[in-house]
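The values are calculated or read from the model by the stated rules, or taken from the named source; none is laboratory data. What you see is a predicted model, and the numbers here were worked out from it, not measured in a lab. Note that we place each Cβ from the backbone using ideal geometry, even for glycine, and neighbour counts take in every protein chain shown.
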Amino acid sequence: MDQAQRAVLGAIMLIVSCLCLCQSAAAAPGSWSQAAPLPRPTSAPAACTVDGILYVIGGHYPYSTALTDVWAYDPATNGWTRKAPLPTARRFAAAVAVDGIIYVVGGTSGTFPGTPVRPVAAYNPKMDTWTNGAPIPTARATMGLCAMDGIIYAIGGALVSLQAVSAVEAYDPKNDVWTTKTPLPQALMSLAASVVNGQIYAFDGTSTFAYDPQANRWTTKAQFSPWSSGLMSSAVDGIIYLFGGWNQDLSGAYDLTLAYDPSQDRFTARRKMLRTRCTAGCALVGGKIYLVGGVSKEPLENGDAIYYTSVDVFDPEGGVTPHILSLTCESTNRVRLAWQGEAGIKYGVESAMNIMSPWTRLTLPSGPTITATNRLVESRLTVSTTSPWRFFRVFEAN
């Protein structure tokens, strides 16, 4: 995904001394804020939302210790409350809510790599009580978990041997019964999964697969980059947002935010996270996506990995898309460009002879980028005079 796809967002065509402003529509870059931190660190917890309250369940800290912790976050008070603990400690489990009940599926307990926890754990938030349901047929962790039409789908994951699986199994909470579905086209572990318009989308590595529960069929979709596993995902208004994950050799992690539009089968970048992050709890509350806990990079291979208590909140509608307002010719090879931006964000400017030709990064008086101090950003630029045609665009350089 190149820089041209990431950003901007406005083009100006200069023909001799005549200026023509030609703006193209673009999605908001999104914005990040922080909520009250989790009372204690955790990585690989399960998370979901019921009645506007975010629940973060289990995980591990340190890596060898699976947790029974259950925490509830209320956005109205920006506070956390401890709830009844899990019946069995779990790390790398997943959770989803159906009819006001939270179902926790899979994961392992005990010393790493641990013992599979097979029973479904059902939590009633109103009663603050837990009950056990039917065991999952294929005991595994790091699966994707989604609910649709009252049925819960457990997708992929890893065995205790750390072998990825392609198994897809569906749980009916009302009848406490599991059934086997068409497996993934390939085995995936540490995957993220979300639902949009009656389809389940699963992401891992560079692969995207879509599942139609009615047809019981998987379809291969667009790949994404860079290669990433241990992603977090959530869907808002028909768009799936993917966050972070670790790289292929496990040496580091990403701060990336990607937006996947199923209707176009296309990925675009949004504003980066506040930190590199993987295996955090991820859930949607009030139109915003909360990332809770997690680690700075894969902890088994990196002894300096940081376990987070931080809670970062992504607003898909937040942020200001760079919007070119004016261009003024000050001489034959110098222009003054003004655009609407956002304070604290770094911007760069590119130029091209036409919109299909390669874009060239321009040098600003402050260097390759300029940091906005308010919503109006202005800069003088030196441009080539070899052609009467000239396009400009502004992009976020953070």
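A few comments on the model shown:
- When region 358-398 is filtered for residues that are within 16 Å of N333 (Cα to Cα), part of a strand (DSSP E or B) and touching a Phe, Trp or Tyr at 6+ places or on another chain (Cβ under 9 Å), the ones remaining, listed by number, are L364, S379, L381, F391.
- Residue under evaluation V335, criteria (1) surrounded by 13 or more Cβ atoms within 10 Å (Cβ to Cβ); (2) more than 31 Å from the chain's Cα centre (by Cα); (3) within 11 Å of F391 (Cβ to Cβ); (4) of a type outside the set (D, E, K, R), criterion not met: (3)
- Of all residues making up region 352-387, the number that are farther than 29 Å from W32 by Cα and polar (S, T, N, Q): 8
- Of the residues making up region 298-341, those that are part of a loop (DSSP other than H, G, I, E, B), under 25 Å from N398 (Cβ atoms) and free of Cβ contacts under 8 Å to residues at least 40 places away in the same chain are D304, A305, I306.
- Region 144-161: number of residues that are assigned to a loop (DSSP other than H, G, I, E, B) and touching a Ser or Thr at 6+ places or on another chain (Cβ under 9 Å): 4
- For region 230-256, the candidate set comprises residues that are more than 20 Å from P45 (Cβ to Cβ) and not in a loop (DSSP other than H, G, I, E, B); within that set, the residue that is nearest to the chain's Cα centre (by Cα) is I240.
- Listed conditions (1) in contact with an Asp or Glu (Cβ under 6 Å, 6 or more places away or on another chain); (2) among the hydroxyl-bearing types (S, T, Y); (3) assigned by TED's automatic domain parsing to the domain that holds F391 are all met by T276, apart from (3).
- Exactly one residue among T81, T49 is over 22 Å from the mean Cα position of the chain (by Cα) and either without any contact (Cβ under 8 Å) to a residue 40 or more places away in the chain or under 27 Å from A259 (Cα atoms) (or both), and that residue is T81.
- One residue stands out among those in region 90-133 that are basic (K, R) and within 26 Å of the chain's Cα centre (by Cα): the one that is nearest to A193 (Cα to Cα), which is R91.
- Residue count, region 114-141 (criterion: touching a Lys or Arg at 6+ places or on another chain (Cβ under 9 Å), surrounded by fewer than 15 Cβ atoms within 10 Å (Cβ to Cβ) and in a strand (DSSP E or B)): 1
- If only residues of region 51-104 that are buried (at least 22 other Cβ atoms within 10 Å of the Cβ) and of a type in the set (D, E, K, R) are counted, the one that is farthest from Q34 (Cα to Cα) is R90.
- The condition (being of a type in the set (S, T, Y), surrounded by 16 or more Cβ atoms within 10 Å (Cβ to Cβ) and in contact (Cβ under 8 Å) with a residue 60 or more places away in the chain) is satisfied by just one residue among Y260, Y241: Y241.
- Tally of residues being closer than 19 Å to N398 by Cβ and either in a strand (DSSP E or B) or modelled with pLDDT under 90 (or both) across region 342-357: 5
- Looking at region 1-79, the strands (runs of 3 or more DSSP E) lying wholly inside it that each contain 2 or more residues that are modelled with pLDDT under 95 sit at 10-15, 18-23.
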